[in-house]
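Enquirer: Please find one structure pasted underneath; my questions will follow.
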Amino acid sequence: MRSTVPETPAVRASRPDAVALDRLIVHDVSRHFGRRRALSHVSFSCGRGEIVGLLGHNGAGKSTLLAILATLLSPTSGEVRYGDRTAAAGGASVRARLGLLGHELQLYPELTAAENLRFFARLHGLDRVAARVEEALAAARLGDRGDDLVSGFSRGMRQRLALERTLLHGPDLLLLDEPFTGLDQGSAAALAGRLQQLAADGRMIVLATHDLDIAEGLLTRAVILRDGRVVAEHEDGRAIRARYFDAIRGEGGGSAPGARAS
Amino acid sequence: MSQFARVAWIVMQKDLTVELRSREIISTTVFFALSCVLVFAFALVRDGRTVVDAAAGILWIAIAFSGTLALGRTFERERYTDTLRALMLAPADRPAIYVGKLLGVVAMLAATEILLVPLVALLFQAGLLERPLWLAALLATGTIGFAAVGTLFAAMLVRARTRDVLLPVLLYPITIPVIIGGVRGTAALVAETPDVAMAQFWVALLFLFDVVFVVLSLWTFEPLMTE
Amino acid sequence: MRRLYPVGLAVAAAMFAAAPLLIDRAPTESTMGLVQKIFYFHVPAAMTMFLSTFVSGIASGVFLFRGKQAADRVALAAAELTVVFGAMVLVTGPVWARKAWGVWWQWDARLTSSLLLWMIFVAYLLVRRYGGPGSEKLSAAVSLFGMANVPFVYVSVNVWRTLHPKTSVVPTLSPGMRGTFWFCVAAFLLLYALMMAARLRLGKQQAEVEQLYLELDERGDLPSRAS
């Protein structure tokens with residue numbers, strides 16, 4: 001399952017005109033909706049090759065945080081730095097360097113797999129559209145299903161296609177919201193493998209997940225959220241399950257919130 | 001500039017492709033417009049003859065009501081698949097996305113009107129087809145004005161829970177000048193002594209409305225779509 | 001500024017107490033007699049409403065493009081006052097019409113335009129109330145578009161009405177009436193300024209309470225975990 005996307009972030013970063021996105025820094029980010037506090041003083045960072053997991057119950061703020069990281073939402077205080085710039089300053093140039101795979105897969109069911117990929121490639125202003133679409137279909141193991149309507153695909157197939165669509169423009173930062181939901185064991189393991197390979201290529205990955213078993217061994221860093229706050233941050237991906245329940249129950253374990261921003 | 005046009009074009013092309021495959025919006029919109037026409041017929045036809053000027057009014061009300069439905073459905077589709085977020089995430093010019101959506105909506109409404117106009121002319125014995133160029137000008141400027149405001153409002157309401165009821169609540173008061181212009185212009189064209197000068201006046205006013213509100217929408221699209 | 005408020009209140013009270021006396025002493029209009037005197041409140045109320053729509057629209061523009069919360073509070077206060085003064089216009093107008101010409105409503109151009117503007121700002125309040133979180137921006141779009149719509153509403157409704165015979169005759173101001181009229185305008189504008197100031201102060205305090213609530217919530221000092 002070798003990645004066939006020719007342009008990896010490492011390759012692109014070496015070009016003279018590259019936007020330097022090699023570090024994501026979330027600094028003291030808060031967000032409230034009226035009286036409801038969704039996020040409170042969240043800080044962490046992510047570097048190249050890292051897979052950061054956002055863990056927590058429903059309503060802990062994971063989706064809100066991902067939306068902020070994707071520049072779709074602005075924090076009410078604090079800031080997010082993408083390399084050397086913020087979302088407000090960077091605008092489209094920041095968006096060009098990141099990709100978000102939402103829980104709803106952001107595919108048009110009435111279009112074929114190839115048409116979906118072609119639309120997003122052209123929307124992003126990419127060159128060599130036909131070649132990129134071919135490569136993406138191959139990477140999604142849908143090479144022979146390119147002309148089939150997405151409405152006929154299973155969840156796993158759509159997931160693979162959606163992931164390749166997110167990767168079309170070679171983003172340095174990949175954001176995923178509950179990507180393992182609805183996948184069977186085999187597909188989940190395959191996705192985990194793909195993510196590790198993408199990280200090895202030099203990308204930064206931030207994913208929100210419920211699935212603690214998959215998270216184990218996949219994550220290089222775990223950020224545990226409760227009620228919009230970071231209650232624990234762990235530098236390695238071991239014993240996630242135990243640490244998660246410790247943190248949620250508030251019995252300590254791991255580092256103090258925010259102190260681990262490296 | 002060509003970047004902007006390119007993005008608008010591919011968004012519109014995508015919308016029309018999706019619509020042509022499923023034909024969901026166009027068929028329900030046309031059928032709904034027909035139902036509107038019938039309901040108004042029962043209200044306004046007496047002894048087999050319509051009240052004067054009713055045909056013009058019925059035509060534009062049917063366009064407004066079915067247009068609101070089409071707008072709601074177009075954006076509901078994007079909301080359901082979360083593709084609106086994907087569109088906003090692209091490093092493309094946000095106003096270009098607005099223009100693409102607007103063109104798609106106008107195309108769908110134009111298709112509805114092509115079916116609706118002969119139907120209304122037939123059912124109400126109104127000379128709608130006698131001055132086709134001026135009628136087309138009225139329909140074009142009116143539809144664009146209605147769709148310009150409607151596309152912006154429908155897009156920004158995607159986030160709201162009560163989007164279904166709020167769209168008509170917001171759209172109708174603001175687009176009443178369009179309805180007035182469309183109805184009075186059409187009525188002037190089909191009157192017993194057609195008043196082309198009057199129709200010209202309304203076309204000019206509607207054109208001005210289009211310019212002002214398309215510009216305003218382009219300007220406010222990005223701040224309204226981001227939180 | 002705070003100290004001026006009771007002074008302003010006293011002046012306004014005095015002006016409104018004096019107004020009926022002045023109105024009584026003003027020359028009676030020849031055709032309509034006593035009824036015409038409603039005009040001294042009806043027109044200033046309309047002028048104030050009109051002013052308020054522009055205040056709300058401009059404040060909304062500032063809020064959308066600069067993001068200043070204070071501008072949003074101004075827009076909301078002005079929208080509420082547009083609805084209040086608009087209600088005054090829409091009540092005094094038909095009362096006058098009924099007494100003067102025997103019908104409550106005959107689609108008089110100015111009253112109809114006022115009704116339209118009033119409805120746009122009622123829509124503003126509806127979006128605010130029922131639009132869910134983030135409805136501040138949605139309503140800002142409504143008032144901005146509403147303000148941009150004012151010339152179109154005015155022109156289209158006027159042209160629409162000139163085609164029909166007008167039964168209302170707006171009296172021209174004879175010199176004896178002018179003094180009283182401008183006195184009433186001044187009284188209404190003062191009242192408007194006072195109500196805006198009061199409403200803005202309330203809005204600011206509400207924002208401060210929300211801020212305090214958030215801070216307490218963060219420190220975990222809230223007495224109960226109300227969701």
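Throughout, read-outs are computed from the coordinates displayed, never taken from laboratory work. Quantities reported herein were computed from a predicted structural model and do not represent experimental measurements. For neighbour counting, all protein chains shown are included, and Cβ atoms are generated from backbone atoms with ideal geometry for every residue, glycine included.
Enquirer: Rounded to the nearest 10 degrees, what's the angle between the helix C:135-162 long axis and the longest principal axis of chain C, both from Cα atoms, 0 to 90?
Expert: Orientation of helix C:135-162: about 10 degrees from the principal axis.
Enquirer: So how tilted is helix B:2-22 from the main axis of chain B? Cα-based, degrees 0 to 90, rounded to 10.
Expert: 70
Enquirer: For chain B, set up a Gaussian network in which alpha carbons nearer than 10 Å are linked by springs, and say which option among B:140, B:43, B:148 fluctuates the most.
Expert: Most flexible of the set in this elastic network: B:43.
Enquirer: In chain A, which longest range has no trypsin sites (Lys or Arg not before Pro) that are both DSSP loop (not H, G, I, E or B) and surrounded by at most 15 other Cβ atoms within 10 Å?
Expert: A:142-237
Enquirer: Compute the length gained on full extension between residue C:186 and residue C:174: take 0.36 nm times their separation in residues and subtract their Cα-Cα distance, giving the result in nm to one decimal.
Expert: Gain on extension, residue C:186 to residue C:174, equals 2.5 nm.
Enquirer: For region B:74-92, list residues with backbone N below 20 Å from a point placed 7 Å from the Cα of residue A:36 toward its Cβ?
Expert: B:79-80, B:82, B:85
Enquirer: Oh, and also: Expressed as a whole number of Å, what is the distance separating the alpha-carbon centroids of region A:22-43 and region B:59-105?
Expert: 31
Enquirer: Where does the Debye-calculated log10 I(q)/I(0) of region C:39-93 sit at q = 0.17 Å⁻¹, using only Cα point scatterers of equal weight, no solvent?
Expert: -0.51
Enquirer: Between residue C:95 and residue C:5, what is the label-to-label distance in nm when each label sits 7 Å out along the Cα-to-Cβ direction?
Expert: 2.9
Enquirer: Can you give the FRET efficiency to the nearest 0.05 for residue C:107 and residue A:181, using r as the Cβ-Cβ distance and R₀ = 60 Å? Show your work: numbers first, answer last.
Expert: Details: r = 58 Å, r/R0 = 0.96.
Once the sixth-power term is evaluated, E becomes 0.55.
Enquirer: Same structure, new question: Provide the FRET efficiency to the nearest 0.05 for the residue A:58-residue A:144 pair, computing r from the beta carbons and using R0 = 35 Å.
Expert: 0.40
Enquirer: So what is the 222 nm mean residue ellipticity for chain A from helices alone, if each DSSP H run of at least 4 adds -39500 (n - 2.57) and you divide by all residues, rounding to the nearest 500 deg cm²/dmol?
Expert: -9000 deg cm²/dmol
Enquirer: May I ask for the distance between the Cα centers of region A:115-137 and region C:64-107, given as a whole number of Å?
Expert: Result: 53 Å between the Cα centres.
Enquirer: Additional query: Starting from the Cα-Cα distance between residue B:130 and residue B:2, subtract it from 0.36 nm times their residue separation and give me the gain in nm to one decimal.
Expert: Full extension of this stretch gives 42.2 nm more.
Enquirer: Give me the angle, in degrees from 0 to 90, between the Cα long axis of helix B:24-44 and the longest principal axis of the Cα atoms of chain B, rounded to the nearest 10.
Expert: With both axes taken from Cα atoms, the answer is about 30 degrees.
Enquirer: With a Förster radius of 56 Å, plug the Cβ-Cβ distance of residue B:219 and residue A:242 into 1/(1 + (r/R0)^6) and report the FRET value to the nearest 0.05.
Expert: Working from the Cβ atoms, E equals 0.55.
Enquirer: Normalised by the empirical 2.2 N^0.38 Å for globular proteins, what value does the Cα Rg of region B:2-225 take?
Expert: 1.03
Enquirer: Express in whole angstrom the spacing between the alpha-carbon centres of region A:158-207 and region C:1-52.
Expert: For region A:158-207 versus region C:1-52, the Cα centre distance is 69 Å.
Enquirer: I've got another one for you. Between residue B:164 and residue A:92, what is the spin-label point distance in nm, taking each point 7 Å from the Cα along the Cα→C-beta axis?
Expert: Taking the two extended label points, one gets 3.7 nm.
Enquirer: Kirkwood hydrodynamic radius (Cα pairs, Å) of the protein assembly as shown?
Expert: For the protein assembly as shown, inverting the mean 1/r across all distinct Cα pairs yields 28.9 Å.
Enquirer: Given the convex hull of the Cα atoms of chain C, what is a quarter of its surface area in nm²?
Expert: Value for chain C: 15.9 nm².
Enquirer: So what does the Cα-only Debye profile of chain A read at q = 0.10, 0.11, 0.15, 0.17 Å⁻¹, as log10 I(q)/I(0), no solvent term?
Expert: Log10 of I(q)/I(0), two decimals: -0.48, -0.59, -1.09, -1.36.
Enquirer: A further question on this structure: Dividing the Cα convex hull volume of region B:34-102 by residue count, how many Å³ per residue is that?
Expert: Residue-normalised Cα hull volume stands at 81 Å³.
Enquirer: For chain C, what does the helix formula give at 222 nm: sum of -39500 (n - 2.57) over DSSP H segments with n ≥ 4, over the residue count, nearest 500 deg cm²/dmol? Mind dumping the intermediate values first?
Expert: Details: 6 runs with 178 residues, N = 227.
Result for chain C, helices only: -28500 deg cm²/dmol.
Enquirer: Same structure, new question: Find how much the distance from residue B:195 to residue B:80 grows on full extension, using 0.36 nm per residue of separation minus their present alpha carbon separation; answer in nm with one decimal.
Expert: 36.7 nm
Enquirer: Let me ask another. Report the rotationally averaged projected area of region A:108-219 based on its alpha-carbon convex hull, in square nanometres.
Expert: 6.8
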